[in-house]
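Data block below; observations after.
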Amino acid sequence: MTLKQLLAVGHGNASGTTLSEAFRYFSDSLARAASKQAQRGAAAFVDPKRQRKTCERTKSPLRQVAMTTERNFWEIKLAHRPKPFWYPYQTLRNVGVLEQLLTGAGLDFLQLCQGPHRKIADIGGADGDLAFLLEQMGLSVDLIDNEPTNFNQLQGARILKEALHSNVMIRTVDLDSQFTLSGEKYDAIFLLGILYHLKNPFFVLEKLAAITRYCFLSTRIARQTDNGQQISQGPIAYLLGPQECNNDSTNFWIFSEEGLKRLINRTGWDLLSYLSIGVTANSTPADPEQDERAFCLLRSKMVPMVTASPNPVPASKNTTTMISWNTGNAAAGKVYVSIDNREELLFAASRQGSAPANWVRPGRTYEFRLYDSDHTRLLDKVAVATATE
């Protein structure tokens, strides 16, 4: 059973197999495959003491698969190059945190990633671990990084791609330039641990808001300066010295929480879900022992979109989902709903907004469609399902 197949099992099956059981089956299979790989190459060692104590300990099936996949990838990596060649940090360790963001927003991971564009992007993805994991879920993925500044000039990603017989597209883009992505459109972009490495994070976030529906964002933030001056209450960005943080001159901007949230708002995003991990009481911009990371789930305000949260709607008691829409510009729009593929009914009329649909019932189909004000051009649509009990 492939990961793509087991995810299909979790979204609808008659066998009674649960998603957790399917994930366990896949994890066991992957572990066996990793064991066989180890017999052909050097064994990987990932010291658990090096992991920061974060809320990633969530016992989610997806996180468990990510951890198993990470171990398997290390087996493959070390069979091709020694450990110092590879990006040293565990890029899959925060999959559990991303799941928590989705839970907070009432969204489903696969539904979010399998939107109308059928493509996602991992920007700044190092050796591509996350991109290759997402591909194994059945997603079409672009891995985007800047080859000259990548840890091993993207050689690691290319080695893994060949070893995994992957179709992930590897693209080199300098985000500090006035970059373009050749007219690409994405359902989701993963921008994890990259923002504070950018000279112009405003430009990058604004540019991405025009080409993707959702963005998973993480970056370092701070609550005070190294000398104890409080910055947490203000919309502040701290500019690092060239050797101040980890002796790495590619570190630039460390935001306060309020500064990050204002940046998100000003660059064309809605903040759907937010959490921080690490040292959350007295974090500073540069001290490795006072490191706090913010994780955000963003939804573009520049891309025409209609969404439902939660989706699927719980089958018992609460049968309400919140419908949100945005035309992506100053023009008005109209939201219609079709129940069981019948004639459309007007649900709402405005450029943007949210309204509850408290009449969703199990066993029926609902499709909400966002049109222009003349009801002639379909801008976006979302199918709302009810969860099985």
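The values are calculated or read from the model by the stated rules, or taken from the named source; none is laboratory data. Source: prediction; values computed, not measured. Ideal geometry is used to build each Cβ from the backbone, glycine not excepted, and the neighbour counts take in all protein chains shown.
Would you check which residues across the stretch 161-177 are in contact (Cβ under 8 Å) with a residue 24 or more places away in the chain and either part of a loop (DSSP other than H, G, I, E, B) or in contact with a Lys or Arg (Cβ under 7 Å, 6 or more places away or on another chain) (or both) and list them?
SER166, ASN167, VAL168, ILE170, VAL173, ASP174, LEU175, ASP176
State all residues of the stretch 287-325 that are more than 21 Å from the chain's Cα centre (by Cα) and part of a strand (DSSP E or B); if no residue qualifies, say none.
VAL313, THR321, MET322, ILE323 - these are the residues of the stretch 287-325 that are more than 21 Å from the chain's Cα centre (by Cα) and part of a strand (DSSP E or B).
Looking at (1) surrounded by 20 or more Cβ atoms within 10 Å (Cβ to Cβ); (2) within 17 Å of MET302 (Cα to Cα); (3) without any contact (Cβ under 8 Å) to a residue 60 or more places away in the chain, find the lone condition where ALA331 falls short.
ALA331 satisfies every listed condition except (1).
Consider only pairs whose beta carbons are under 6 Å apart and that are at least six residues apart or on different chains; among these, list those whose first residue lies in the stretch 63-76 and is surrounded by fewer than 22 Cβ atoms within 10 Å (Cβ to Cβ) and whose second residue is modelled with pLDDT of 90 or more and not in a helix (DSSP H, G or I).
What qualifies is GLU70/LEU92.
Select from the stretch 372-387 the residues that are within 29 Å of the chain's Cα centre (by Cα) and in a loop (DSSP other than H, G, I, E, B) and write down the one among them that is surrounded by the most Cβ atoms within 10 Å (Cβ to Cβ).
Across the stretch 372-387, the extreme among qualifying residues is ALA385.
Within the stretch 349-371, count every residue that is surrounded by 20 or more Cβ atoms within 10 Å (Cβ to Cβ) and either of a type in the set (S, T, N, Q) or without any contact (Cβ under 8 Å) to a residue 60 or more places away in the chain (or both).
Going through the stretch 349-371 one residue at a time, the tally reaches 3.
Name the single residue that is surrounded by the fewest Cβ atoms within 10 Å (Cβ to Cβ) among those in the stretch 244-278 being without any contact (Cβ under 8 Å) to a residue 40 or more places away in the chain and in a loop (DSSP other than H, G, I, E, B).
ASN247
Residues in the stretch 159-193 that are surrounded by fewer than 18 Cβ atoms within 10 Å (Cβ to Cβ), out of contact with any strand residue (DSSP E or B) (no Cβ under 7 Å at 6 or more places or on another chain) and more than 12 Å from ILE211 (Cβ to Cβ): how many?
9
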